[in-house]
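Every number here is computed from the coordinates shown, using simple stated rules; none is lab data. Because the structure is predicted, anything quoted here is derived from the model rather than measured. A quick note on method: Cβ atoms are made from the backbone with ideal geometry, for glycine too, and the neighbour counts reach across all protein chains shown.
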Amino acid sequence: MAALICEVVYRGIFQKNLAARIARGIVLSARKSGRWGIAFGRYGDSPQRNGIPAKDFAIVADTKEELEQNMARYEPKHTDVTIVLDDTLSKGVESWAWYGLQPINRLTVPGGTVLMTSLQPFESLLKDIHKKDVSYKLSLLRAKASFSGLWVHKEDHTEARVLGALAKIAPAFLTLDAVGQAIQEIEWGSDLKVASARKAFDRLETREVKITEGNAEIPYSFEMPKWWEMREGVTIPAIPIGKPKEGGQGYVPERNPYFKKFTTRTMRPVIDFDTCVKCNLCWISCPDSCFDVMPDATFDANMEACCGCGVCEAVCPVEHCITMVNESAFEDNASQWEMWRKDKAAYKTWLTGKIGDKATTVRSHGFRFRGQYDEELKRDLDQGGVEIVAGIPGENAQHKTI
Amino acid sequence: MAVATTAAPAAAADEKELLISGSEAVAEGLTLADIDVVTGYPIRPYDTVIQAIAKKIANGQLVAEYIVAEGEHSQFEIVKHASTVGARVFCGSSGVGWAYAMECLVVTPPLRVPMVALVGNRALDDPGAFGVEHNDALFVRDLGWLLCWIDTSQEALDTTLIAYRVAEDRRVFLPTAISADGAFLTHSQAITLVPPKSKVDKFLPRYDRGDLLLHPDNPITVAPQANEDWVIEIRRQNDEAMKRAYTVIEEAYADFRRVFGRGPENPWFEEYMTEDAEIILVGMGTISLPIKVGIRNMRAQGKKVGLVRLRWFRPFPTEQLVKALSKASAIGVIDRDYSFGSPFASGVVANEIRAAMYNAEKRPPLLSFISGLGGREVTLEDVYKATDLCYNAAKSGKSDVKTHWLGVRE
């Protein structure tokens, strides 16, 4: 009786194709040793939205019966390997499905592995990853999160590298040779990608995570009502109107207590309240109405509601008043405005530190100008990264079916 | 999340193996059937088929007219017309999209348009939900559409070929809807065998409309106005065509097995461990997966349980089902649909089987269950609970008139 159950946790839209390639790659690699498998996305996650955490699954088993045994449910309740394609997901995931915040390691079995693409040290990630009552392994594949714009797939070999790493984690199901063979045959494969998979296999960093380690926060959750408790007519109470703040000077709207949205964020706005000209543009433009009106008429971005889209940064007329900073640079969702009100000098130091770090202010996703993708790939190459070829890099031209 | 349990077909040397979803498998079938006209209007989960066909056409693997309609009503109207001029056509929808096309769905059988449609089963609005319920496809159960449910991506591909063969048989000439559970089948990729075109050509003849072809060389008028002097005869014609479908379906499956060397012997339903079964559970579509796994687990504890997974719902295999179900001590029908205010407030399948069993010599107690609505997981615990209730009924020898809802929060 042997089966391998993997989940691939990814950022909606940006990594949709990447996750699908990995899930398919797992099944096709395992098929090399005659195993049966299935690859599927969590249906409730789609239609996706930019950045919303979503999941694909891959299950492989020795026999069809074992495969069925492990599939006889909507989605796996336990996974041997949890593959995480962006390290900011380590703060937990909340999908479209409205069931609260789930720790990234929630489904990982005792002794199982969380495989993550990250440039952060283990200790820094374990400040975000929730504590678990069993020990498991954390494996890091050294890579930036592979984001691209909309449906574009970024050919930076992440799918091949993840499969190579998986061969190290679960060699009983996917040998490195089988992975190489599958990559070679797959429509997006190439010799170069096989080499990338082998390098990832060699370079994977792994350590055990003890039950004492991790973020001690209890993720928010809620009970779903019984059929006779629900209001009839597919009707739900509206979100109540907000409360005036401090004697009517400011205004804070009420927000949905069941869907907080913040795990969609890979970057967050950092606001310089000293230079704000109170023009309202961020407040008007925010698609998620995440700005609270403060008593001094500045705007505080509520970090439980912000999806990190960056529209506020784009519309703000004051240079460096709103700056998007990578989510990994923050440990909580505390109010920036309250921090600023308490100690303006300390806030200035904090702000300068956050927006002055070039590594964390690089845009995490999307393209700002035509040709940015080519430039990024070339820069990666200059730093020892992937080789660029004419046309679509890495594509297996001979497998293009006509 | 469906996979084939029936004996794993040994891949014939000329078949290629692909890892594809149920929707992609339908597109493979359509490519092999070399369809001429396809219309598209997106709705989940059906849209995955349209995406797969578009890719086939873009890659030059399929040459077909791909028409993007402005709604489901139009897309079914377009293929109806294309079919009357001799094109092999395909279209489909899901949930309320299928409902929006209802006027065109209604006229297709009397005009004897042998189109094939895919219904990616989806809950009806409201609430706007994507998950599977069978009520959408069941809208056409009384209209002269042939209607079947599939369970795996392999069955999706095979049934697409069989559906054209049956629908376009001149004895039938009725539209055929293939129902596929949203998500569980439409979006799950499993290992699937794709036969070569040369074999398909031996199985599926060209579409020949004969004297019904709308063409200047064959001047005809289709669908003139007709009132009480004519209508009942037209309905009787449809009735006869549907009756002839029984034979045509059996012939098609036999021929499928002859040409491809695989496929079920019983076209109408899959019987899983029913031979010695005390309790037989009945369901349609991918609900078979938790039921089969549950049956294997229960048999390990000595409970003799089996499954009848219904493939063809129209025409309804009355005789065959009565024969298969009469031998059980109790029957449990699990509907992934509802029929509010119906006899015993049961689901559609349960009441169809009650009607079918009415004249049977041996009528075991029949229990009705409603489960898995809106894509809710049907758990192994649900299967065990249904089986236990069936055992109680078998012991008392009485049918429980209550319909049991499984997996609802109460």
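Note that region B:85-97 has calculated 3J(HN,Hα) couplings of 8, x, 8, 7, 10, 9, 6, x, 5, 8, x, 6, x Hz, one per residue in order, obtained from phi through the Karplus relation 6.51 cos²θ - 1.76 cosθ + 1.60 (θ = phi - 60°); glycine and proline are x.
The phi-based Karplus calculation (6.51 cos²θ - 1.76 cosθ + 1.60; θ = phi - 60°) puts the 3J(HN,Hα) values of region A:74-84 at 4, 7, x, 9, 9, 10, 6, 10, 9, 9, 10 Hz, whole numbers, x for Gly and Pro. Mean separation of Cα pairs under 8 Å and 6 or more residues apart, divided by the residue count, gives region B:16-260 a relative contact order of 25 percent. Screening chain B for whole DSSP H helices with an alpha carbon extent of at least 27 angstrom along the helix axis and a mean Kyte-Doolittle hydropathy of at least -1.0 yields B:231-260.
Given a cut-off of under 8 Å on Cα pairs at least six residues apart, what relative contact order in percent is computed for chain A? Write down the numbers at each step before the final one.
Working: 770 pairs, mean separation 59.5, N = 402.
Result for chain A is 15 percent.
Of all DSSP beta bridges confined to region A:3-221, the antiparallel ones make up roughly 60%. The H on the amide N of A:V93, modeled in the peptide plane, is under 5 Å from the matching H of A:Q102, A:I104, each at least 5 residues off or on a different chain.
Give me the Kirkwood hydrodynamic radius of region A:3-221, using the inverse of the mean 1/r over all pairs of distinct Cα atoms, in Å to one decimal. Intermediate values should be presented prior to the final figure.
On the way: mean 1/r = 0.0583 Å⁻¹.
About 17.1 Å for region A:3-221.
Taking 0.36 nm per residue of sequence separation and removing the Cα-Cα distance, the B:A226/B:I67 pair yields an extension gain of 54.1 nm.
Is chain B rounded, prolate or oblate when judged by the Cα gyration tensor, a ≥ b ≥ c being the square roots of its eigenvalues, rounded requiring a/c under 1.5 and prolate requiring a/b larger than b/c? Each step should come with its number before you reach the end.
Working: a/c = 1.68, a/b = 1.43, b/c = 1.17.
Taking the square roots of the gyration eigenvalues as a ≥ b ≥ c, chain B is prolate.
Our coupling estimate for region B:137-142, obtained by passing each phi through the Karplus curve with A = 6.51, B = -1.76, C = 1.60 and θ = phi - 60°, is 5, 5, 3, 9, 5, 9 Hz, Gly and Pro reported as x.
Rounded, prolate or oblate: pick one for region B:269-405, where a ≥ b ≥ c are the square roots of the eigenvalues of its C-alpha gyration tensor, a/c under 1.5 means rounded, and failing that, prolate if a/b is larger than b/c, else oblate. Working shown, then result.
Values: a/c = 1.26, a/b = 1.07, b/c = 1.17.
Taking the square roots of the gyration eigenvalues as a ≥ b ≥ c, region B:269-405 is rounded.
Taking the number of Cβ atoms within 10 Å of each Cβ as an exposure proxy, the fewest-first ranking of B:E77, A:E223, B:E24, A:E94 is A:E223, B:E77, A:E94, B:E24.
Using only the alpha-carbon atoms, how far is helix A:158-169 inclined from the longest principal axis of chain A? Give it as 0 to 90 degrees, nearest 10. The two axes meet at around 60 degrees. DSSP beta bridges confined to region B:67-224 are antiparallel in about 5 percent of cases. Here each label is just a point 7 Å from Cα along the line to Cβ, and for A:E246 and A:K358 those points are 3.8 nm apart.
A Cβ-based charge dipole, computed about the Cα centre of the protein assembly as shown with Lys and Arg at +1 and Asp and Glu at -1, lands at about 1180 debye.
Taking 4.7 Å between C-beta atoms as the pairing limit, chain A has these partnerless cysteines: A:C6, A:C276, A:C279, A:C286, A:C307, A:C309, A:C316, A:C321.
Each of B:M273 and B:L18 was given a label point 7 Å from its Cα along the Cα-to-Cβ line. The distance between the two points is 3.3 nm.
If R0 equals 35 Å, the separation of the Cβ atoms of A:S33 and A:W228 corresponds to a calculated FRET efficiency of about 0.10. With Cα atoms defining each centre, region A:187-218 and region B:248-327 are spaced 44 Å apart in the structure.
State, as an integer percentage, the relative contact order of region B:269-405 based on alpha-carbon contacts under 8 Å between residues 6 or more apart. Numbers along the way, then the final one.
Details: 245 pairs, mean separation 36.6, N = 137.
The value is 27 percent.
Placing unit charges on the Cβ atoms only, positive for Lys and Arg and negative for Asp and Glu, gives chain B a dipole magnitude near 1080 debye about its Cα centre.
Counting only DSSP beta bridges with both residues in region B:269-405, what percent are antiparallel, rounded to the nearest 5?
Numbers: 4 of 22 bridges.
Of all bridge pairs located within region B:269-405, approximately 20 percent are antiparallel.
Distant-in-sequence amide contacts of B:G263, defined by a placed amide H-H separation under 5 Å and a gap of 5 or more residues or a different chain, comprise nothing. Dipole orientation for chain B: of the candidates B:L193, B:P290, B:S153, B:P290 has the Cα lying most toward the positive pole (charges on Cβ; Lys, Arg +1; Asp, Glu -1).
Residues whose amide H falls under 5 Å from that of B:L147, counting only those 5 or more places apart or on a different chain, are B:A177, B:F313, B:R314, with hydrogens built in the peptide plane. Tell me, how many Å apart are the Cα centres for region A:80-139 and for region A:250-279? Answer, in whole Å: 25.
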